[in-house]
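Pasting in a structure now, in structure tokens, and then I'll have a few things to ask.
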Amino acid sequence: MFVVNPVVFGDDLTFALGREVAARKANGESCVDATVGVLMDDDGELAVLPTVARVFRETRPEEWAAYAATTGLDGFCEAVIDDCLSGWPSLREHAVAIATPGATGALRTALRTFLDRNQAFLTSSLTWSAYPIIAQATERKLVRFRMFRDAQGSFDVADLDRELGKLMAAQGRALVLLNDPCHNPTGYSMSRADWNAVAAVLHKHSTRGPLAVVLDAVYGAFAPEGLGPALDALEPLADELLLAIAWSASKTFTSYGLRAGALVVVAPDRAERESVRDTIAIHCCGTWANCNRGALSGLIRLLTEPALRAAVEHDRGVFIDVLNRRNAAFEQAISGHALRRPEYKGGFFTSVFVRDSAQVAAALRTEGVYVVPLDGAVRIALSAVRTDQMVRLVNGLVDAIDLGVRRHSGVRGLLDARKKRVG
């Protein structure tokens, strides 16, 4: 009998909850699914950008049937680099890119390339649930800094400084992974002041050993300033650290199943840049061999043909307006209730700070409302919740928090100020 080395992976909670709510809906129950990170329209159908759909329908059979090179198609990597860095020529000049299966492939590749086995990377306390899974799958570790220093949702640069110092002292090198803009799970985007303070911290610690900064930028197309605040702050540090960007078509083009992405790496030293590219190419070859050729072919057109690019931006703008309307409806629904959340600045998600998030989420599920519990908060996918469901979601959330506080304190009616119902 062949015996394998057992590796215990926890099921991704978001997908587990998604399966549960889907089963209840299939049985005819009325449920609100605020878990899934995909964009749905207000009819409850998957939102597909019309221009993107048309381009992929036009893709010739030989384009999607043939193999792509390990590094991607000619023109694809250049198009992604331009998409990320066209406004920063000094970074663009020193960038390379490799095609990956979505941002997950890009992040996995970055961890494998820039950290040794059993070394840790640093990210925020509130984070995408897949990060720990990617860390485990790559035999790397994850440590966190406190994302917000107060109830007002102020970015905690001081704790980033402390935790990065500890990590540098422990392993002599570090990788900092920041999901910005339109952070998953909070919808927060770091301000220019935040980024300037972060850049000062990175400059301080870059003298202590090799430092890589990875931007998980999958929601960049949904932010008014895109990657501008981050890249403006990081550009002066290009000679001090290694900068990488995880890019994905999943959110940018609402095409999650294409599994098309890229890892963009900026390294001013030519020898280092070539070494990084070759190392990543070997990793890709031994992991997934190559990416979806039809996806890469269509994305080249969408990224490089001006008329198509403009049409996609128009299509995307329609759904950005939908997200903003949903956020406005959510904000109106929570007015009058003592609910706190970070400032929403775009993207698919918002979060509400709660104590005992698992208990709150469990209470909500009994009412057919599904959110994702986090450490000290619950995540709500504005992308997936119809505008007309916001009142039900918020009323359920208020009642679940009320129930949790009463259970915790043993005193009924502690939240009388929250009793004003919405709608």
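When the dipole is taken about the Cα centre of segment 10-73, and only Lys, Arg (+1) and Asp, Glu (-1) are charged at their Cβ, what size is it in debye, to the nearest 20?
Details: 6 positive and 12 negative charges, 38 e Å.
My answer is approximately 180 debye.
Please work out whether segment 159-278 counts as rounded, prolate or oblate from its C-alpha gyration tensor, where a ≥ b ≥ c are the square roots of the eigenvalues and a/c under 1.5 means rounded, while otherwise a/b larger than b/c means prolate and anything else oblate? Intermediate results must be reported in sequence, preceding the final value.
Working: a/c = 1.86, a/b = 1.31, b/c = 1.42.
Verdict is oblate for segment 159-278.
Measure off 7 Å from each Cα along the Cα-to-Cβ vector at A66 and E225, then give the distance between these two points in nanometres to one decimal.
4.3
Segment 368-384 to segment 36-56: how many Å between their Cα centroids?
Distance between centres, Cα-based: 21 Å.
Using DSSP, restrict attention to beta bridges with both residues in segment 122-233 and report what percent are antiparallel, rounded to the nearest 5. Intermediate results must be reported in sequence, preceding the final value.
Numbers: 1 of 11 bridges.
Beta bridges within segment 122-233, antiparallel portion: roughly 10 percent.
Charges only on Cβ, +1 for Lys and Arg, -1 for Asp and Glu: so what's the dipole of the chain about the Cα centre, in debye to the nearest 20?
Details: 47 positive and 49 negative charges, 267 e Å.
That gives the chain a dipole magnitude of about 1280 debye.
Using alpha-carbon positions, what is the distance between the centroids of segment 151-199 and segment 251-296, in Å?
Segment 151-199 and segment 251-296 have Cα centres separated by 25 Å.
Something else about it: Determine the relative contact order of the chain: mean sequence separation of Cα pairs under 8 Å and six or more apart, normalised by residue count, in whole percent. Write down the numbers at each step before the final one.
Values: 770 pairs, mean separation 104.0, N = 423.
Averaging sequence separation for qualifying contacts and normalising by length gives 25 percent for the chain.
A further question on this structure: Of the listed peptides 178-185, 38-45, what is their order by residue-averaged count of other C-beta atoms within 10 Å, with the highest listed first? Spell out each step's value before the answer.
Working: 178-185: 25.2, 38-45: 14.0.
Per-residue mean Cβ counts within 10 Å order the peptides as 178-185, 38-45.
Taking the Cβ of G75 as the center, what net charge do the other residues with Cβ under 13 Å away carry, scoring Lys and Arg +1 and Asp and Glu -1? Write down the numbers at each step before the final one.
On the way: positive: R293, R301; negative: E63, D74, E78, D82, D83, E305.
It works out to a net charge of -4.
Counting only helical runs of four or more DSSP H residues, what would the 222 nm mean residue ellipticity of the chain come to if each run contributes -39,500 (n - 2.57) and the total is spread over all its residues? Show your work: numbers first, answer last.
Details: 16 runs with 192 residues, N = 423.
So the calculated ellipticity at 222 nm is -14000 deg cm²/dmol.
May I pose another question? Length gain on complete extension for the stretch Q136 to A307, per 0.36 nm per residue less the alpha carbon to alpha carbon distance? Walk me through the numbers on the way to the answer.
Working: separation 171, 0.36 × 171 = 61.56 nm, distance 4.27 nm.
Result: 57.3 nm gained on full extension.
Okay, moving on. State, as an integer percentage, the relative contact order of segment 67-304 based on alpha-carbon contacts under 8 Å between residues 6 or more apart.
Working: 441 pairs, mean separation 72.9, N = 238.
Taking the mean separation of contacting Cα pairs over the length of segment 67-304, I get 31 percent.
Could you sort 382-393, 342-353, 54-65 so that the peptide with the highest average Cβ count within 10 Å comes first and the rest follow in order?
Details: 382-393: 20.6, 342-353: 23.2, 54-65: 12.8.
The most tightly packed comes first, giving 342-353, 382-393, 54-65.
What shape does segment 194-240 have by the C-alpha gyration tensor, where a ≥ b ≥ c are the square roots of the eigenvalues, rounded means a/c under 1.5, and otherwise prolate means a/b greater than b/c and oblate the rest? The partial results should precede the final answer.
Working: a/c = 2.70, a/b = 2.02, b/c = 1.33.
Prolate shape, in that a/c is at least 1.5 and a/b is the bigger ratio.
What distance in nm separates the two pseudo spin-label positions at K25 and W288, each 7 Å out from Cα along the beta-carbon direction?
2.5
So, one more: What is the spin-label model distance, in nm, from S90 to D388 if the labels are put 7 Å beyond Cα along the C-beta direction?
Distance between the two pseudo-spin positions: 5.4 nm.
Here, each number is a calculation from the coordinates, and none is a lab measurement. Remember, it's a predicted structure, so these values are computed and weren't measured experimentally. Please note: Cβ atoms are built from the backbone with ideal geometry, for glycine as well, and neighbour counts cover all protein chains shown.
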